[in-house]
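Data block below; observations after.
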Amino acid sequence: RSATTRLRRIHAEVTSDRTVLIFAQMALRSLFRNPCRSMITASATAFGLAAYLFLYGFADGFFEQMVRNSTQQLSGHVQLMAKGHDADLSPQLRIDNVSERLKTLADEPDVQAAAPRILLKGMVANPKTSQPVELVGVAPQQELQVTELARYMVEGRYVQDDGKGIVIGRKLADELDARLNDKLVVTVQQASGDLASGAYPIRGIYRTGSDLFDSEYVFVNIAQARQLAGFAPNQASRIALRLQDRTQSSPLAESLNRELADTQLVVQDWETLLPVVVQMIEMTQIDFYLILSVVFVVVAIGVMNTMVMSVMERTRELGVMLALGTRGSQLVLTILFEALFLALLGMVAGTVLGGLLVAWLNRSGIDLSAIAGSFETIPGITDKVYPVLIIDHVWLPSLLLFACSVLVALYPARRAARLDPVEAIRHG
């Protein structure tokens, strides 16, 4: 008798003219009546969202580090150079009147700092072996405002304004079997075509985590580089710029190129200077969209399967409701409310779980040293990745995941609405 009374009460509520809140109340009762089933259904959405937040956090952290490391270790956000110098580091391709150029560039509102450089292809050697490198002559005080290589020093010190010395990477030091204060012979080609050599003691060793970078670049004071390459005091190979906002690199480069249209100079943004980084990001973003699609499918199948089982379990109850006059559309609305509440529960749990996971990994990092060798040709890659959540990247897919979790309940809801009341009552 109690079951019959409860069903009559439900029927009276459903067939009344009261608001749709009645259906929401019925859905909540159904969820609390079988909490185990409800938690299993909500966990599908929670797991899907948590997995998505982790994957996107890892991707954003990976790409952000790649760009930040590439621009802050060497390239800067924008570079001024002679036309053709990006393809050929010839000492004949140089910038004159560097001091005037630096002053003009520093007056640009988007520019935070500017630093002159000399870039040369060369060889470093000791009595044991020799290695090809790129020699970078820097003005230390200006360079410290553009790049952050100085914070990667593990032995000795960064390039100094006074004193003669060279700074090399840990990987190169291991390949040369060289230690701090050992002397290395640097050989480069001058603008005249002659070869010039100089012996420099190792004053510092840096380690960025990228074997490619740590073995390819060596740094000296710009005055030493000018003397070695035969440059005049007011000449340089390039001028590197650091901007207030990295996203303004392309507009600034376009603006400066219009001003330099009648000269032999060209300005390139970091996207042009680092095409491998841009291509890597674009290619991997496609992969993550595919992964996201798989996550959506898995969540949808999990939610739909649980909702179908829920409908089958309550076939007799639903049949009685239909027999008492409940319309099929009202039954559909009740089941959709169940899916809505379960999706909300899953989204909250998934956001908390995924957010905590990304926050923890952002502090501890993900160690990739075991596979770092396979990434050594990609600029800016390090052996540790720190995931980071960018809200602009995750809110729309999260909303789509929520909608997906609700919409998949349409199938079991329509199935329930089409039940034959007599057969349903006899069920089970």
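The values are calculated or read from the model by the stated rules, or taken from the named source; none is laboratory data. Predicted, not measured: the structure shown is a model, and the values here were computed from it. So basically every Cβ, Gly included, is an ideal-geometry build from the backbone, and we count neighbours across all protein chains shown. What goes into the accessible areas is simple: the full protein's heavy atoms, side chains included, and nothing from ligands, DNA or RNA. Shrake-Rupley method; radii C 1.70, N 1.55, O 1.52, S 1.80 Å.
Say R0 is 22 Å: what FRET efficiency, to the nearest 0.05, do ASP177 and ALA370 get from their beta-carbon distance? That pair, ASP177 with ALA370, gives E of 0.30.
I need the calculated FRET efficiency for the pair LYS103 and ARG29, taking r as the beta carbon distance and R₀ as 45 Å, to the nearest 0.05. Could you put the intermediate results ahead of the total?
Working: r = 75 Å, r/R0 = 1.66.
My answer for the efficiency is 0.05.
Please give the charge dipole size of the range 121-279, origin at the Cα centre, charges +1 on K and R Cβ atoms and -1 on D and E Cβ atoms. Round to the nearest 20 debye. List each step's numbers first, then the result.
Numbers: 16 positive and 20 negative charges, 92 e Å.
Using Cβ point charges on Lys, Arg, Asp and Glu, the range 121-279 gives about 440 debye.
Each Lys and Arg adds +1 at its Cβ and each Asp and Glu adds -1 at its Cβ; summed about the Cα centre, the chain shows a dipole of about 2380 debye.
What residues of the range 27-70 lie in the reach of a label at TRP360, counting those whose backbone N is under 15 Å from a point 7 Å from the Cα along Cα→Cβ? Under 15 Å, as judged by backbone N against the label point of TRP360, lie 50-51, 54-55 of the range 27-70. Got a sec? Which residues in the range 300-343 would a label at LEU21 touch, if it sits 7 Å along Cα→Cβ and we count backbone N under 18 Å? In the range 300-343, the label zone of LEU21 (backbone N under 18 Å from the point 7 Å along Cα→Cβ) covers 334, 337-338, 341.
Of the options (i) 5, 20, 23, 21, 16, 11, 4, 1, 0; (ii) 4, 18, 20, 15, 11, 9, 9, 7, 5, 2, 0; (iii) 4, 19, 29, 27, 15, 5, 1, 0, only one is P(r) over Cα pairs in 10 Å bins from 0, in percent as computed from these coordinates, and that is (ii). In the chain, taking the dipole from charged Cβ atoms about the Cα centre, the farthest positive-side position among GLN65, LEU353, GLN264 is held by LEU353. Put a dot 7 Å past the Cα of GLU423, heading toward its Cβ, do the same for ASP245, and the two dots end up 6.3 nm apart.
Apolar share of the accessible surface for the chain: 57 percent from carbon plus sulfur atoms, 1.4 Å probe. Close amide H partners of GLU148, meaning residues 5 or more places away or on another chain with modelled amide H under 5 Å apart, are GLN73.
From the protein chains alone at 1.4 Å, what is the descending order of accessible area for ILE301, ILE202, ILE425, largest first?
Values: ILE301 100, ILE202 0, ILE425 65 Å².
Ranked list, largest accessible area first: ILE301, ILE425, ILE202.
Placing unit charges on the Cβ atoms of the charged side chains and taking the dipole of the range 206-302 about its Cα centre, the candidate lying farthest along the positive direction among VAL276, VAL298, VAL220 is VAL220. Filter the trypsin sites (Lys or Arg not before Pro) in the range 61-134 to those in DSSP coil with at most 12 other Cβ atoms within 10 Å of their Cβ, and list the result. Counting only loop positions with at most 12 other Cβ atoms within 10 Å, the trypsin sites (Lys or Arg not before Pro) in the range 61-134 are LYS83, LYS128.
Report the calculated FRET efficiency for ILE391 and MET39 (r = Cβ-Cβ distance, R0 = 25 Å), to the nearest 0.05. Spell out each step's value before the answer.
Numbers: r = 28 Å, r/R0 = 1.11.
Computed FRET efficiency for ILE391 and MET39: 0.35.
Which order do SER329, SER255, SER43 take when ranked by solvent-accessible area (1.4 Å probe, heavy atoms of all protein chains), largest first? Show your work: numbers first, answer last.
Values: SER329 80, SER255 35, SER43 55 Å².
Result of the area sort, largest leading: SER329, SER43, SER255.
Considering the options PHE231, LEU407, ILE286, tell which one lies farthest towards the positive end of the dipole of the chain, charges being +1 on Lys and Arg and -1 on Asp and Glu at the Cβ, about the Cα centre. Of PHE231, LEU407, ILE286, it is LEU407. Summary of the geometry: the range 70-142 and the range 278-302, compared by the centres of their Cα atoms, lie 39 Å apart.
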